[in-house]
Every structure is written in C-alpha cells, then in structure tokens.
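Read through the structure below, which is laid out as structure tokens, and then see the notes.
FYI, it's all coordinate maths here, none of it is from the lab. Quick caveat: nothing in here was measured; it's all calculated off a predicted structure. Here the Cβ is made from the backbone with ideal geometry for all residues, glycine too, and neighbour counts use every protein chain on show.
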Amino acid sequence: MNDLDDFRAALRQPPDEPFAEPDLAKIMADGTRIRRRRRVLTSAAGVAAAAAVVLVVVFAVQLRQPAPAPVAQPPSPASVTPTTGATPAERPIGDVVGTGIHTRRGEIVFFARAVELPELPDTHFGLVAGFRSGQALQSVLMTNEVRGSDRSFGFHATDGGELSGDEVIPVFGYFAGPAARITTTVHGQTVEASTAKWTEDPNVVIFWFDRAAVPNSAVLTPLIAYDAAGKRLTK
C-alpha cells in the first residue's frame, strides 16, 4: 500500500468524537448582539460627530474666522456683564443701540467693543449682538473687520441670522460713511434696514434687518447705502 492508499484509508476512519450540532439559536443571538452593539456604537459616533459639529458651529458663530486672519476676542454667549463696573475690554464703546425687539432674555441690542490684536493692526473695534436686561448685557455674537481698516468706506462685519437659544439674532453690520438709508433685495423685494449712528463716531452707521424679512445673511443681494439726499453711495 502506498502513501496515497494510506491517506484514503485514514479519510474513511470515523472521527474519535462526533461533530457537535451547531447551536443556531446561540449563533443568531450572538449575531444580533453584535449587530446591535455596532448600531449603538454607530449611533454614539453619530451623536459625537453631531456634538462636534454643533461645537464647531457655535465656535464659528462666536469667532467668525474668515481666513486668513482670526476674528477678535469672541464674547462668551453665557457671559452677562453689567454696563457699570465692567472691565475696559468688556465695556461698550459708545452707546448701546436698542433694536426694540424684546424677548424673554431681554431686548436685542448692538454695541461696539474694543479689539486689540497684533495681527489686525487696523481693526480697533468690533460689533457685538446681545441682550440687555436692566443694567446687564449678555454678549452673543461678535464680528469685526479682518481685512484692512475697520473704518474704510463701505460695509463691514455683516453677520447674524443665527439662533441663540430659541431667539434669532437679526442680520446686522455697520457701514463706514454718510449712510442715511440701507437696503437689500430678498427674493426680488427691497427690504430697508433699521439704522443708528454710532455715538463714538457718527460716520459709522450700525444697521440691522427685520428677522422675518431677512432670515440670514446669505440672502442679501446686495447691500446698498444711500446718503441723506437719496444718492446711492455703493455700486
């Protein structure tokens, strides 16, 4: 008998122990647990990713960091600063501008705040949106010029249209120049902004739009400024 015959004979021999019947119920249960665990992990990863996105969005809302220069010192959305006794960095420059929009958190307001960043030598102030309740100011969103001078002729720091809690911050910004009227076009309709001159520099005009008429800054097409005589100041 050669080696091939020996191999064939070994194959014909019954096994020392019979093969056990597979426990299909256990296999299916284990498989279900594995699938469920993966689903939970995937869900957890999704929640973590969503949380990360929210953090990025909030961070971006506060920082407003158009490349390459960073935006100035964002205020904490949870901070409430008394209008008296605040540090120079927190204290509004000029008057606080009330919008007449009253919410459960107070009136929505705008005010200027100092900016001191070496990478932005020509930017000395930024515009802050927040809430005023009594003598307390709650800063929500700060935006400022990141290219060139903060008082060069034209529009600057246009922002807003985001939620802060359950309140929408109006689209706002400022115009450096003798603007008496500011408009935009939304879905073919002309919308006029509310305006207020900055008491620190009357040549700077703070503006904001009705939240229903201008839901976000992406719909602005375009911003137009006019002087007191009705002459268009921008192209």
I need the full set of residues from segment 199-222 which are surrounded by 13 or more Cβ atoms within 10 Å (Cβ to Cβ) and more than 15 Å from P178 (Cα to Cα), in order please. W208, F209, D210, R211, A213, V214, P215, N216, S217, V219, L220
Is one or more of the residues making up segment 162-185 surrounded by 15 or more Cβ atoms within 10 Å (Cβ to Cβ) and touching a helix residue (DSSP H, G or I) at 6+ places or on another chain (Cβ under 6 Å)? yes
Is it the case that L127 is over 17 Å from the mean Cα position of the chain (by Cα) and more than 13 Å from R91 (Cβ to Cβ)? no
I need the full set of residues from segment 96-120 which are surrounded by fewer than 20 Cβ atoms within 10 Å (Cβ to Cβ), out of contact with any His (no Cβ under 9 Å at 6 or more places or on another chain) and not in a strand (DSSP E or B), in order please. R104, R105, L117, P118, E119
Which residues, taken from segment 186-198, are closer than 20 Å to F131 by Cβ and surrounded by fewer than 20 Cβ atoms within 10 Å (Cβ to Cβ)? S194, A196
